[in-house]
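No lab work stands behind these numbers, since they all come straight from the coordinates. The shown structure was predicted, so the numbers you read here are calculated from the model rather than taken from an experiment. Methodologically, a virtual Cβ is constructed for each residue, glycine included, from the backbone with ideal geometry; neighbour enumeration extends over all protein chains shown.
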């Protein structure tokens, strides 16, 4: 079952339903200076599956939308988290 709202479609589980273009291209992760040297994980909010994988880690949440705020709120209780937005 899919719940439809004005701005987005979500499944009964509450997870967003991605468009066919998003499924084909995958989530977009922006490039940044010296990104090739970064050895950590980069996870797009579309693939975020909860805070368990980030317990006691240093985490930087990038983005000022609702997803960024919600993810930061979850991670700040289990990880050393910082949140930046433009």
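Data for the structure
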item: Estimated FRET transfer efficiency (residue 78, residue 44; beta-carbon r; R0 25 Å; 0.05); result: 0.80
item: Residues 37, 80, sorted so that the one with the fewest Cβ neighbours within 10 Å comes first; result: 37, 80
item: Where labels lie 7 Å past Cα in the beta-carbon direction, separation of residue 28 and residue 67 in nm; result: 1.1 nm
item: Order by protection proxy (mean Cβ within 10 Å, highest first), peptides 71-77, 44-50; result: 71-77, 44-50
